Amino acid sequence: MVAKNRSILILAAGKGTRMKSSLPKPLHAVCGYPILAHILKTAQALNPAAVGIVIGHGAQQVKDTVLANLAAWGITVPVEFFVQTELTGSGSAVKAALPFLQKQEDVMILNGDTPLLQADTLQAMQSVFNESHAGALVLAVKVPNPDGYGRIVRDSQNNFEAIVEDTDADAATKKICEINSGMYVFNSKALCEALAQLKPQGSKHEFYLTDTLGFIKQAGLPAVVFTSEDYEQALGVNSRAQLAQAAQIMRTRINQYHMDNGVTLINPQDTYIDAGVQIGPDTLIASGCYLLGNTQIGSNCTLESSVYIVDSIIHDDVTLKQGTYIEKSEVAETCQLGPYAHLRPQSILKKGAKVGNFSEIKKAVIGEGSKVNHLSYIGDTQMGAGVNVGAGTITCNYDGKNKYQTIIEDHVFVGSNVNFVAPVTVHEYAKIGAGSTITKEVASQGLAIARSRQVVLEKKGVKKEHD
Ligand code: UD1
Ligand code: CA
């Protein structure tokens, strides 16, 4: 654990040019959470006194998003923001947070683009720093392809010599596969002194945070390299390709976690589960499913292929047939949906309800055991228990200006191809004849037929061909 007086600083001010995006890089999502949210969660796991975030590019948007979502991300540690006005490198970013550094003896600094980072690695890093009484410690990893990263150059005794940025490296240095992960622990005083000595480097004239380690070493304090085995944790997201790569690695971790907890994934490579999703044991998930946001799935459910669920609660023993799409809704035990059913926001299915082929439900309650099996639209509706809705039934809930409610009480039987022109109420045990357009209240146990009587006109005046 990081001692209570230590704090963690996250650098998230950079332009993220290589993302080619109008969205600031820290807000790009990996498995349902922004990159920055992942780092904040990991940082918080170390129990720091505070977390500082250096913002710059898209500062207001980053700050507003973080503040609006702290609770949703489960962040309770105090968060402070520091604005870097000139985006001239990671060294300048840290300078923007000098008051934060000066409050404490040591500081952990993390790049704001490494979503795969895990708390046990940071803890190990902190322990090595404490034991070695170093002025600076950098977390290094050995990668198969070091392109784009700063290389760790070691001296003849194999100790830290320098970090050389990819753009400034000669051919021999470029061959080094041990790279700077962008995670550090510094003695604050030594860091502040080193920051004062930084000079612009490279073609972009940036102030590199990485140069401070050399200055700290020159000042006589050890600069230590801590090399971690797990290089995936250090993956920095600089481009869309790296964003996809980070998401894939995180997805593999998430899927492994659910399989370890008793969930069957038919094809984990093609199953997309966000970081915040919960799933009960003995649930089976077929290929191509997306479970997103704050979704919860009960145990013993079956999700056939290509089921898409956002921010919804699915209770135990539910079957979701192929292509079912559920947004911000709740589905009780033993319900069956699909194939190709659509629950739009605020739909509630009570126990054992069925919503079948090509039916759409919106802001409606479908009561216990009720069935909407074929080609229907049920919106703004309160439906009781044991209702049977025939194929092609439509609630006409909108008059072009306002939305109105349809109330269908328990055990109503609705024939096929019925329109309910809302607001309208059908009382319990009523029956509605097929093809009816219902505009008026239907009494309990009543039979409503509202369609024109069939007329068969004889084919008068038409002569037969052979006449
Ligand atoms: C940086 C390191 C490199 C390391 C790599 C690991 C430097 C000089 N280089 O390179 O050695 O291997 O990370 O992923 O640090 N930032 C600011 N303000 C700025 C510039 C950057 O806050 O003016 C922040 C960014 O938002 C980002 C971090 O600093 O979170 C690193 O910046 P980035 O441009 O991604 O540096 P890299 O080229 O990846
Ligand atoms: Ca980076």
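The values are calculated or read from the model by the stated rules, or taken from the named source; none is laboratory data. Just so you know, these numbers come straight off a predicted model, no measurement behind them. Cβ atoms come from the backbone with ideal geometry, glycine included; neighbour counts cover every protein chain shown. For the accessible areas, the whole protein counts, side chains as well, though only heavy atoms, and no ligand, DNA or RNA atoms are used. Shrake-Rupley method; radii C 1.70, N 1.55, O 1.52, S 1.80 Å.
Would you tally the residues in the stretch 258-290 being surrounded by 21 or more Cβ atoms within 10 Å (Cβ to Cβ), among the hydroxyl-bearing types (Ser, Thr, Tyr) and more than 18 Å from ALA244 (Cβ to Cβ)?
Selection size over the stretch 258-290: 1.
Quick check: anything in the stretch 168-176 touching a helix residue (DSSP H, G or I) at 6+ places or on another chain (Cβ under 8 Å) and either assigned to a helix (DSSP H, G or I) or away from ligand 1 (no atom under 13 Å from the Cβ) (or both)?
yes
Inside the stretch 1-116, counting only strands (runs of 3 or more DSSP E) that do not spill past its ends, which hold 3 or more residues that are within 22 Å of GLY236 (Cβ to Cβ) and aliphatic (A, V, I, L, M)?
Details: elements: 7-12, 51-55, 79-83, 106-111.
Passing ranges, in order: 7-12, 51-55, 106-111.
In the stretch 298-313, which residues are of a type in the set (A, V, I, L, M) and either open to solvent by less than 10 Å² (accessible area, probe 1.4 Å) or not in a strand (DSSP E or B) (or both)?
Correct list: LEU303, VAL307, ILE309.
Considering the stretch 422-449 alone, what residues qualify as being in contact with a strand residue (DSSP E or B) (Cβ under 7 Å, 6 or more places away or on another chain), open to solvent by 40 Å² or more (accessible area, probe 1.4 Å) and closer than 17 Å to GLY390 by Cβ?
Once the filter is applied, which keeps residues that are in contact with a strand residue (DSSP E or B) (Cβ under 7 Å, 6 or more places away or on another chain), open to solvent by 40 Å² or more (accessible area, probe 1.4 Å) and closer than 17 Å to GLY390 by Cβ, the stretch 422-449 yields LYS431, THR437, LEU447.
Can you name the condition, by its number, that ASN158 falls short on among (1) within 14 Å of ligand 1 (Cβ to nearest atom); (2) more than 16 Å from LEU235 (Cβ to Cβ)?
(1)
For residues that are among the small types (Gly, Ala, Ser) and away from ligand 1 (no atom under 16 Å from the Cβ), tally how many sit in the stretch 209-227.
The total comes to 2.
Of all residues in the stretch 228-257 being open to solvent by 70 Å² or more (accessible area, probe 1.4 Å), more than 15 Å from ligand 1 (Cβ to nearest atom) and assigned to a helix (DSSP H, G or I), which is nearest to GLN126 (Cα to Cα)?
This residue is ARG253.
Hey, among ALA219, ALA223, which residue is at pLDDT 95 or above and open to solvent by 30 Å² or more (accessible area, probe 1.4 Å)?
Being at pLDDT 95 or above and open to solvent by 30 Å² or more (accessible area, probe 1.4 Å) holds for just one of ALA219, ALA223, which is ALA219.
Counting just the residues of the stretch 71-112 that are within 15 Å of ligand 2 (Cβ to nearest atom) and open to solvent by 30 Å² or more (accessible area, probe 1.4 Å), which one comes out farthest from ALA275 (Cα to Cα)?
The qualifying residue farthest from ALA275 (Cα to Cα) is LEU87.
Can you give me the number of residues within the stretch 234-251 that are within 14 Å of ligand 2 (Cβ to nearest atom) and under 16 Å from GLY112 (Cα atoms)?
Of the residues in that region, 10 qualify.
Are there any strands (runs of 3 or more DSSP E) wholly within the stretch 399-467 with 3 or more residues that are closer than 20 Å to LEU375 by Cβ, and if so which?
419-421
Six or more apart or on different chains, Cβ under 6 Å: which pairs go from a residue in the stretch 170-190 that's within 14 Å of TYR149 (Cβ to Cβ) to one that's open to solvent by 70 Å² or more (accessible area, probe 1.4 Å) and among the charged types (D, E, K, R)? Could you list them?
CYS177/LYS142; GLU178/LYS142
Can you tell me how many residues in the stretch 28-51 are over 23 Å from THR252 (Cβ atoms) and free of Cβ contacts under 8 Å to residues at least 40 places away in the same chain?
1
Name the single residue that is nearest to LYS328 (Cα to Cα) among those in the stretch 358-379 being in contact with a His (Cβ under 8 Å, 6 or more places away or on another chain) and open to solvent by 30 Å² or more (accessible area, probe 1.4 Å).
Result: GLU360.
Any chance you could count how many residues in the stretch 45-57 are open to solvent by 30 Å² or more (accessible area, probe 1.4 Å) and either hydrophobic (A, V, I, L, M, F, W, C) or away from ligand 2 (no atom under 16 Å from the Cβ) (or both)?
Here the count works out to 3.
For TYR325, state whether it is in contact with a Phe, Trp or Tyr (Cβ under 7 Å, 6 or more places away or on another chain) and not hydrophobic (A, V, I, L, M, F, W, C).
Taking the combined requirement at face value, the residue satisfies it.
Just for the stretch 113-133: of the residues that are open to solvent by 10 Å² or more (accessible area, probe 1.4 Å), under 21 Å from the mean Cα position of the chain (by Cα) and not acidic (Asp, Glu), which one is farthest from ligand 1 (Cβ to nearest atom)?
ALA119
Criterion first (among the hydrophobic types (A, V, I, L, M, F, W, C), under 44 Å from the mean Cα position of the chain (by Cα) and either on the phi > 0 side of the Ramachandran plot or open to solvent by 70 Å² or more (accessible area, probe 1.4 Å) (or both)) does PHE413 satisfy it?
Yes.
Return the residues of the stretch 96-112 that are within 11 Å of ligand 1 (Cβ to nearest atom) and farther than 19 Å from ASN180 by Cβ; say none if nothing qualifies.
The answer is ALA96, ALA97.
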